[in-house]
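Would you mind keeping the following structure in view while I ask a few things?
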Amino acid sequence: MARFRSSKLRASRRLQRQRRHLRIRRKIHGSAECPRLVVFRSLKNIEGQLIDDDASRTLAGISTLAPAVKEEAGAKSKSKVDLARVAGRLLAERAREAGIGRVVFDRGGYQYHGRVEAFAAGAREGGLVF
């Protein structure tokens, strides 16, 4: 049985996620009327962006590092899942201000589980329709 160095394992996991993301991206496309809601998840944070693929523009974005997210979460539980839900809700509010109500969800190659699912649920709570 071959032993992997942690760097090789980390690189292969990252490549696998990138391949999954490209496979997803072949099937979905965002436009000005219905942008793509893309999620990126790191070990500590999560961020989401609304992207118009036709114009190659980011329409709105948010991260759990944003002061507005920490302010909104306040004294509530500061678990990463709770912060992801708050970030999704705030992104939906920004989208409504920009006149966007319908999006296509791009999970970025991650499982639809945990923080990714909470982000999507928060965006739905905020009024976005996927």
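Roughly what % of DSSP beta bridges within the chain run antiparallel, to the nearest 5?
Working: 12 of 16 bridges.
If we restrict to bridges inside the chain, about 75 percent are antiparallel.
For LYS80, which aspartates and glutamates qualify as cross-link partners when the Cα separation must be under 13 Å and same-chain residues fewer than eight apart are set aside?
Cross-link targets: GLU47, GLU117.
Roughly what angle does helix 80-97 make with the longest principal axis of the chain, taking Cα atoms, 0 to 90 degrees, to the nearest 10?
It is inclined by approximately 40 degrees.
On a 0 to 90 degree scale, rounded to 10, what angle separates helix 6-25 from the longest Cα axis of the chain?
In the chain, helix 6-25 runs at an angle near 50 degrees to the longest axis.
Taking a 1.4 Å probe, which of VAL103, VAL129 shows the most accessible area, and what order do the others take after it?
Highest to lowest solvent-accessible surface, that is VAL129, VAL103.
Working with all protein chains in place, sort PHE105, PHE130 by solvent-accessible area computed with a 1.4 Å probe, largest first. Working shown, then result.
Numbers: PHE105 40, PHE130 65 Å².
Largest accessible area first, the residues go PHE130, PHE105.
Please calculate the 1.4 Å probe accessible area of GLU47, with all protein chains present, and give it to the nearest 10 Å².
80
Then there's this: Give the long-range amide H neighbours of ALA60: residues separated by 5 or more places, or on another chain, with amide H under 5 Å away, using H modelled in the peptide plane at 1.01 Å from N.
LEU50
Where only protein heavy atoms count, and the probe is 1.4 Å, what is the accessible area per residue for segment 19-130 in Å²?
Accessible area per residue: 56 Å².
Just how much of SER31 is accessible, in Å², when a 1.4 Å probe is used and the result is rounded to the nearest 10?
It works out to around 20 Å².
On to the next question. Not counting ligands, DNA or RNA, and with a 1.4 Å probe, what is LEU22's accessible surface area in Å² rounded to the nearest 10?
Roughly 110 Å² of LEU22 is accessible to a 1.4 Å probe.
Output the Cα-based Rg and Dmax of the chain in Å, rounding Rg to one decimal and Dmax to a whole number.
15.7, 56
On the accessible surface of the chain, probed at 1.4 Å, how many percent belong to carbon and sulfur atoms? Provide the component values of the computation, followed by the final result.
Values: 4150 of 8250 Å².
Roughly 50 percent, rounded to a whole number.
The values are calculated or read from the model by the stated rules, or taken from the named source; none is laboratory data. What you see is a predicted model; the values in this text were computed from it and never measured. For the accessible areas, the whole protein counts, side chains as well, though only heavy atoms, and no ligand, DNA or RNA atoms are used. Shrake-Rupley method; radii C 1.70, N 1.55, O 1.52, S 1.80 Å.
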